[in-house]
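Below is one structure, written out as structure tokens; comments come after it.
Throughout, read-outs are computed from the coordinates displayed, never taken from laboratory work. As the structure is a prediction and not an experimental result, all values here were calculated from the model. Here the Cβ positions follow ideal geometry from the backbone for every residue, glycine too, while neighbour counts run over all protein chains shown.
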RNA sequence: CGGGAUGUAGCGCAGCCCGGUUAGCGCGCCACGUUCGGGACGUGGAGGUCGAAGGUUCGAAUCCUUUCAUCCCGACCA
């Protein structure tokens, strides 16, 4: 972790360790018995469910419907699209047999050698092939288009090194797969969906992102164009948080999906695919958390308000909780999710720490003093500021506060992100910023894959994207000195 | 698949170099009591084939061999 950053965030040297501990301690997820796989615990899954619901609503608003395609893909499907197989071949789980038997030579069970599949099945790493093989049967004419389908599913990519949420062997995601009549319509769709992702990140996750195009080298296997949203984590590394691909006619050709056009001529269908995964959970954690634990944006927090009673003896507890129930009813009537923690086997200080660790946005504490004064102590998780407010109209106060927290978390992330974008003109400067500051770097690039790879090998930094909003600007490549017409966005990334 | 490390109670570890009672400690767990406005304390209790197999020895968590697993650093990647 870069020096300057340590001062900025106060975060310890080993950010990876810190991240991993936080995920486990906050009860979001843990590694499982299966190598590289993850158990998402109820609290983590509750956040994912809120993300799912919000995204799904956005997909519906843009005219998409959900469907489900098989987990297994015949091996031969993969070889249809050359780049696609190249991109995924190295990380596939392959099913070769369909039966076990008792071990004839001893204990346990073994794979029945007689149960070998004629054609191996691949556990989907992504579903383009199986879906386009299906679309072939659904599309005859331009009247069958567009097809705008999304699927919520799990996929498997046999990664060598895994990290909770950021890279696991199996992960949950959604993948949209659309089919269009014209190139323009497909391009428009790909553009529309990366914008949906950006809006989701900003409005729900309070996560500012930079939208742009991937370079040829970083493109999705089989795509003509890949759009991405790139977010910045607190350790100065970038995280690709969502992608939307314009697939051209590649998959239509590979799976022979032609349609009769308005002019009566046959043409191949134009395609897009787009997806976000449980990796967004990682983004959420790494973008907002502080040394006390998670900081969840109120719109994604499974429970927005926790109420903790202070009391001596059962009598007092009853009184306080009764008051809390009244307040909770008022909050719930406004659509706010509330939990009253009346456990008597842990002390209030323990509860305070626990809910901070879990990132509950608002905490309300009521004790005998407050009861007498008809007030409550309210703490906001993002700033840890406490305030004592009258119980009267507390629902309005909390409603306002939740909105303010959501906004504040976002503004804070924007401020941090903006402070971590550095313009650089020489390679020396580039290396220096990477090592000492991190973050995004805007620099000139000559547009060749060779230079891009050379920079990656020297610095581990990659071109995250060519931002949509980048201005034309004459310059020279910082490594080769060749002419460049715009700056691109570099960073070290997850 | 290269380089490094680690496997001892649910979790985190000590003990191993230099073999020797009944294998310890912290957290957590259970019971009771005192506590309760920022991670409580006391007393009692439960919980272990020391990763596995083999060997050396009167005796192995400790030494030797083999093996399995996990983690970290590379190559790969949303």
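Rounded, prolate or oblate: which fits segment A:170-216, taking a ≥ b ≥ c as square roots of the Cα gyration tensor eigenvalues, rounded meaning a/c under 1.5, else prolate when a/b beats b/c?
Judged from the Cα gyration tensor, segment A:170-216 comes out prolate (a/c at least 1.5, a/b above b/c).
Points 7 angstrom from Cα along the Cβ direction at residue A:267 and residue A:202: gap in nanometres?
My value for the distance between the label points is 3.3 nm.
Kindly state, to the nearest 0.05, the FRET efficiency for residue A:76 paired with residue A:329, given R0 = 56 Å and r defined as their beta-carbon distance.
Rounded to the nearest 0.05, the efficiency is 0.40.
Please express the Cα-Cα pair-distance distribution P(r) of segment A:59-136 as a list of whole percents, one per 5 Å bin, running from 0 to the bin with the greatest distance.
Each 5 Å bin holds this share of Cα pairs: 3, 13, 19, 16, 14, 12, 10, 6, 4, 2, 1, 0.
Expressed in nm to one decimal, what extension gain is obtained for the pair residue A:161 and residue A:399 from 0.36 nm per residue of sequence separation less their Cα-Cα distance?
Roughly 81.4 nm would be gained on extension.
Expected output is a single nm value to one decimal: the length gained when fully extending between residue A:116 and residue A:66, i.e. 0.36 nm times separation in residues minus the C-alpha distance. What is it?
Result for the pair: 14.6 nm of gain on full extension.
Sort A:91-97, A:244-250, A:220-226 by the packing proxy (mean of other Cβ within 10 Å over each peptide's residues), most packed first.
Result, highest mean first: A:244-250, A:220-226, A:91-97.
May I ask for the angle, rounded to the nearest 10°, between helix A:313-333 and the longest principal axis of chain A, with both axes built from Cα atoms and the value confined to 0 to 90°?
50
Ordered by packing density, taken as the mean number of other Cβ atoms within 10 Å over each peptide's residues, highest first, how do A:173-186, A:398-411, A:285-298 rank?
The most tightly packed comes first, giving A:285-298, A:173-186, A:398-411.
Given segment A:329-456, what whole percent of its Cα pairs are spread farther than 18 Å?
Tail of P(r) above 18 Å: 68 percent of Cα pairs.
Report for segment A:54-204 the percent antiparallel among DSSP-assigned beta bridges with both residues inside it, nearest 5.
90
Beyond 41 Å, how much of the Cα-Cα pair distribution for chain A remains, as a whole percent?
30
With axes computed from alpha carbons, what is the tilt in degrees of helix A:15-25 against the longest principal axis of chain A, rounded to the nearest 10 within 0 to 90?
Roughly 60 degrees between the two axes.
When the gyration tensor of segment A:28-185 is built from Cα positions, what are the square roots of 5 times its three eigenvalues, in whole Å, from largest to smallest?
Square roots of five times the eigenvalues give 32, 24, 14 Å.
Ranked from highest to lowest mean number of other Cβ atoms within 10 Å per residue, what is the order of the peptides A:324-334, A:268-278?
A:268-278, A:324-334
Starting from 0 in steps of 5 Å, tell me what percent of the Cα-Cα pairs of segment A:170-248 lands in each bin.
Result returned by the calculation: 3, 15, 23, 24, 19, 10, 4, 1, 0.
Express in whole angstrom the spacing between the alpha-carbon centres of segment A:128-153 and segment A:429-494.
Cα centroid to Cα centroid, the span is 38 Å.
For residue A:383 and residue A:253, calculate 0.36 nm times their separation in residues minus their Cα-Cα distance, and state this gained length in nm to one decimal.
Stretched fully, the residue A:383-residue A:253 segment lengthens by 41.4 nm.
Take the alpha carbon gyration tensor of segment A:87-177, find the square roots of its eigenvalues, order them as a ≥ b ≥ c, and report rounded if a/c is under 1.5; if not, report prolate when a/b exceeds b/c, else oblate.
oblate
Between segment A:45-116 and segment A:355-369, what is the separation of their alpha carbon centroids in Å?
Value for the Cα centre distance between the two parts: 42 Å.
As a test of the formula, what do you get for chain A when each DSSP H run with n ≥ 4 contributes -39,500 (n - 2.57) and the sum is divided by the residue count, at 222 nm and rounded to the nearest 500 deg cm²/dmol?
-11500 deg cm²/dmol
Using a Förster radius of 41 Å, what is the FRET efficiency between residue A:432 and residue A:21 based on their Cβ-Cβ separation? Nearest 0.05, please.
My answer for the efficiency is 0.85.
Can you give me the angle between helix A:128-138 and the longest principal axis of chain A, using Cα atoms only, in degrees from 0 to 90, rounded to the nearest 10?
For A:128-138 against chain A, the angle is about 70 degrees.
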